[in-house]
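Every number in this text was worked out from the coordinates using simple rules, so none of it is lab data. Here the structure is a predicted model, which means the values were calculated and not measured. Positions of Cβ are backbone-derived with ideal geometry, glycine not excepted, and every protein chain shown enters the neighbour counts.
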């Protein structure tokens, strides 16, 4: 069936806390969205933590709202969320002196085989890969390449 994940990494010229401040604040996600699908915040806390819920206005062909829940959280190191779908979006931050390696991952491994066929028909994980590359580029532009 092929890969059920998409991932990419870059190194930015900022400490993990600065990068985490952006990815843990859903009001700032539009600043780094490389997929072109994010339209804005519907409802969200100022800062995400484990169990936080946040709703975003999206558009992938049609407009819709998606509510996410944070399911992975380690301050300044990792944050991941999911919605009703079984895939997760995750950011891992690795400090390296004064720079940070940022890895963004779309993880569809939790789907049963039959359900993943539907996800694949929607263009994933390839669509996620393209969005990840765009987001990593946005992060490089914001913080500079490390």
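Annotations for the structure displayed:
- Two-site label geometry, residue 63 and residue 37: point separation in nm, points 7 Å out along Cα→Cβ: 1.8 nm
- 20 Å reach of a label modelled at residue 118, 7 Å along Cα-to-Cβ, counting backbone N of region 51-92: 58-69, 82-89
- Across the chain, C-alpha contacts under 8 Å between residues 6 or more apart give a mean separation that, scaled by the residue count, equals a relative contact order of 33 percent.
- Distance between region 57-120 and region 20-54 - C-alpha centres, whole angstrom: 12 Å
- Between residue 77 and residue 13, the distance separating the two model label sites (each 7 Å from Cα on the Cα→Cβ line) works out to 2.8 nm.
- Taking every Cα-Cα distance in the chain and sorting them into 5 Å bins starting at zero, the pair-distance distribution P(r) comes out as 2, 10, 18, 24, 22, 15, 7, 2, 0 percent.
- When each of 111, 91 is scored by the number of other beta-carbon atoms lying within 10 Å, the sequence from fewest to most is 111, 91.
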